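Notes follow once the structure below has been shown.
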Amino acid sequence: FHQQKTTMTSLRCITSTALVLGSSIAICNAFLTSQPLHQPIARHTTNLHVSNGSPDAPKTDVEDKQLQWDLFTRHQALDGEWWGNWDTYDYMGDRVGSTVAGVSLKPDSDGTSVEHNHRILSASTQSDCNTCFSSSEVTTMPTIATYTPESLGRRHRCAAVGMVVGPSLVKSGAMSTELALRHGNGRVRVTFQHAPVWERGVEPGSCPPQGLKLFRTVVSKERLRDSNDEAIEGTIQGPPSANEEKDSPPLPGNPRFFRPVPPFDWHAKWAGTSWTWGPQTGDRGWAVEELEDADAWHGRPTGDTSGVWSLRLPGGVLIQCPRVIVSGMPGICRLAWMPEAEGKEGTVEDGNKAKLLRVEASVSALEPIISDDDDDMMVGFYPPILGSLRTDMMEKVGELEGATLQEREQAADGYVFSQNEEAETKEATSPKMDVGSTSSQRTSAPIDEKLEQKIAEDPRNALDF
């Protein structure tokens with residue numbers, strides 16, 4: 001599906017709107033809901049076209065825009081505000097700041113436009129309520145944008161409960177890619193920001209950027225709050241809290257942000273549905289009977305190569321993205337989230353299955369624009385583009401066979417290649433380079449033998465990390 005050599009061997013293309021998973025049958029468009037498949041699912045009017053026995057993309061541009069608008073207003077632009085802690089992490093993975101803020105995606109009365117606003121909590125006095133503020137000063141930022149079915153697709157792309165915003169350039173010159181997953185009354189958003197970098201020994205700004213390096217990541221775990229409380233009672237409900245979840249445990253179908261998630265919980269048998277999109281293939285729906293090991297990237301927290309930046313956060317959140325994005329090599333940004341755990345016997349959650357949501361987007365940048373008059377002259381870069389998008393909605397259907405608890409825990413520490421697999425992967429993914437000619441043709445500062453070998457394995461290692 002992406003540039004990496006993984007195949008969706010367990011995917012069965014859905015030829016009708018009926019999904020059969022185990023003993024559960026869901027008659028609907030299952031890709032537009034995050035409800036468990038063993039529960040009744042409401043019918044929706046939006047369906048993927050079925051052509052020649054397999055789902056296909058909307059037939060016209062108008063239908064595609066309407067599909068995207070339906071997904072956006074069904075899962076993201078809801079009645080209320082998404083409040084959370086916007087936690088900022090640097091390249092080392094350290095949290096360097098946090099802001100309490102809300103995202104308002106307010107549809108108009110006839111549902112033809114959505115106004116996007118941010119509200120920042122600048123000062124507050126906490127009341128007896130665990131989640132609300134009895135006295136607060138909230139700064140409402142100027143309107144970010146107003147979306148319509150015609151304009152939404154310029155920066156947004158939705159796939160079921162998942163969404164990507166970007167990749168796009170911000171005023172500072174950095175590239176921003178935002179991923180979001182929604183489950184019930186909660187969602188997780190992550191924004192990756194990559195900034196221009198140059199090779200060692202090259203004066204920054206003396207030539208066009210040679211790569212885009214991750215320098216900032218913002219993660220927000222958000223709860224949908226009723227905006228009517230402020231108008232009626234003068235209170236503002238803030239981000240989710242541990243005390244709130246303790247006093248009022250979320251009902252099944254809604255996420256628990258504050259709970260322990262052992263690393264080996266990621267390693268299980270998962271099944272469900274998947275929504276994929278590509279510029280050529282369009283939107284497609286799939287039934288995933290069981291994830292193959294190669295496709296279970298959520299169980300490899302550090303990624304499959306040294307070029308992956310990753311962060312595993314409390315509450316069952318895992319994020320991954322390229323350390324450096326270079327021309328001609330698409331990078332994959334990923335977000336995995338386990339919003340619910342298996343229900344405990346004797347509780348209201350008894351019988352509830354663990355949930356796993358994943359979204360991944362392939363992005364490309366720094367593609368050169370060649371002059372029409374001179375093939376050897378570059379006049380600029382094309383804007384960054386979205387190469388593909390995938391959203392998975394999974395339920396735990398069993399334990400991995402033949403894997404002990406110790407093996408699962410060791411696997412959770414990181415994926416380990418065998419020597420043969422590592423050699424095959426390097427040969428398939430790394431461009432051929434002449435190690436001997438690298439040093440002789442280099443115009444930058446001298447490098448040692450180990451670094452030169454790393455550069456031969458992956459050119460991105462030449463950039464100043």
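The values are calculated or read from the model by the stated rules, or taken from the named source; none is laboratory data. It should be emphasised that the depicted structure is a prediction, and the values quoted were computed from it without experimental measurement. All Cβ positions, even for glycine, are placed from backbone atoms using ideal geometry, and neighbour counts span all protein chains on display. Surface accessibility is based on the protein's heavy atoms, side chains included, excluding ligands, DNA and RNA. Shrake-Rupley method; radii C 1.70, N 1.55, O 1.52, S 1.80 Å.
Among the residues in segment 314-325, are any among the hydrophobic types (A, V, I, L, M, F, W, C), surrounded by 12 or more Cβ atoms within 10 Å (Cβ to Cβ) and modelled with pLDDT under 95?
Within segment 314-325, not a single residue is among the hydrophobic types (A, V, I, L, M, F, W, C), surrounded by 12 or more Cβ atoms within 10 Å (Cβ to Cβ) and modelled with pLDDT under 95.
Across segment 73-87, what is the number of residues that are buried (at least 18 other Cβ atoms within 10 Å of the Cβ) and closer than 18 Å to S176 by Cα?
Counting residues in segment 73-87 that are buried (at least 18 other Cβ atoms within 10 Å of the Cβ) and closer than 18 Å to S176 by Cα gives 1.
For a quick check of your reading of the model, give me the residue pairs whose first member lies in segment 143-165 and is open to solvent by less than 30 Å² (accessible area, probe 1.4 Å), whose second is in a loop (DSSP other than H, G, I, E, B), with beta-carbon atoms closer than 7 Å and at least 6 apart or on different chains.
From residues that are open to solvent by less than 30 Å² (accessible area, probe 1.4 Å), the pairs are Y147/S113; V161/S34; M163/Q76; V165/R155.
May I ask you to verify whether L32 is surrounded by 20 or more Cβ atoms within 10 Å (Cβ to Cβ), out of contact with any His (no Cβ under 6 Å at 6 or more places or on another chain) and at pLDDT below 95?
For L32, the condition - surrounded by 20 or more Cβ atoms within 10 Å (Cβ to Cβ), out of contact with any His (no Cβ under 6 Å at 6 or more places or on another chain) and at pLDDT below 95 - is not met.
In segment 88-119, what residues are β-branched (V, I, T), open to solvent by 40 Å² or more (accessible area, probe 1.4 Å) and either in contact with a strand residue (DSSP E or B) (Cβ under 8 Å, 6 or more places away or on another chain) or at pLDDT 95 or above (or both)?
Selection gives V96, T99.
Scan segment 285-292 and tell me whether some residue there is of a type in the set (F, W, Y) and modelled with pLDDT of 90 or more.
There is no residue in segment 285-292 that is of a type in the set (F, W, Y) and modelled with pLDDT of 90 or more.
Of everything in segment 372-399 that's hydrophobic (A, V, I, L, M, F, W, C) and over 26 Å from A159 (Cα atoms), which residue is surrounded by the most Cβ atoms within 10 Å (Cβ to Cβ)?
The residue in question is F381.
Could you list, in sequence order, the residues of segment 180-221 that are among the hydroxyl-bearing types (S, T, Y) and in a strand (DSSP E or B)?
If the condition is that a residue be among the hydroxyl-bearing types (S, T, Y) and in a strand (DSSP E or B), then T191, T217, S220 are the ones that fit.
I'd like the residue in segment 351-371 that is among the small types (G, A, S) and within 29 Å of G398 (Cβ to Cβ) and, out of all such residues, is least open to solvent (accessible area, probe 1.4 Å).
That would be A354.
Could you tell me which numbered condition R256 fails, if it satisfies all but one of (1) in contact with a His (Cβ under 6 Å, 6 or more places away or on another chain); (2) open to solvent by 30 Å² or more (accessible area, probe 1.4 Å)?
The number of the failed condition is (1).
Looking at segment 183-190, is at least one residue in contact with a Gly (Cβ under 8 Å, 6 or more places away or on another chain) and at positive phi?
Yes, that holds for at least one residue.
For the condition touching a residue at least 60 places away in the same chain (Cβ under 8 Å), among the acidic types (D, E) and open to solvent by 50 Å² or more (accessible area, probe 1.4 Å), what is the one hit in D283, D265?
On inspection, the qualifying residue turns out to be D265.
What pairs come up if the first residue lies in segment 368-379 and is more than 20 Å from L212 (Cβ to Cβ) and of a type in the set (S, T, N, Q), the second is modelled with pLDDT of 85 or more and in a loop (DSSP other than H, G, I, E, B), and their beta carbons are under 9 Å apart, counting only those six or more places apart or on different chains?
S371/M377
Would you check if G238 is touching a residue at least 40 places away in the same chain (Cβ under 8 Å), open to solvent by less than 40 Å² (accessible area, probe 1.4 Å) and in contact with an Asp or Glu (Cβ under 7 Å, 6 or more places away or on another chain)?
no
Considering segment 181-223 alone, what residues qualify as being touching a Phe, Trp or Tyr at 6+ places or on another chain (Cβ under 9 Å) and of a type in the set (G, A, S)?
Scanning segment 181-223 gives G186, A195, G205, S206, G211, S220.
Can you pull out every residue in segment 296-311 that is closer than 20 Å to V164 by Cα, open to solvent by 10 Å² or more (accessible area, probe 1.4 Å), touching a residue at least 40 places away in the same chain (Cβ under 8 Å) and not hydrophobic (A, V, I, L, M, F, W, C)?
Selection gives nothing.
Quick one: is E245 modelled with pLDDT of 90 or more, surrounded by fewer than 22 Cβ atoms within 10 Å (Cβ to Cβ), at negative phi and of a type in the set (D, E)?
Against the criterion (modelled with pLDDT of 90 or more, surrounded by fewer than 22 Cβ atoms within 10 Å (Cβ to Cβ), at negative phi and of a type in the set (D, E)), E245 qualifies.
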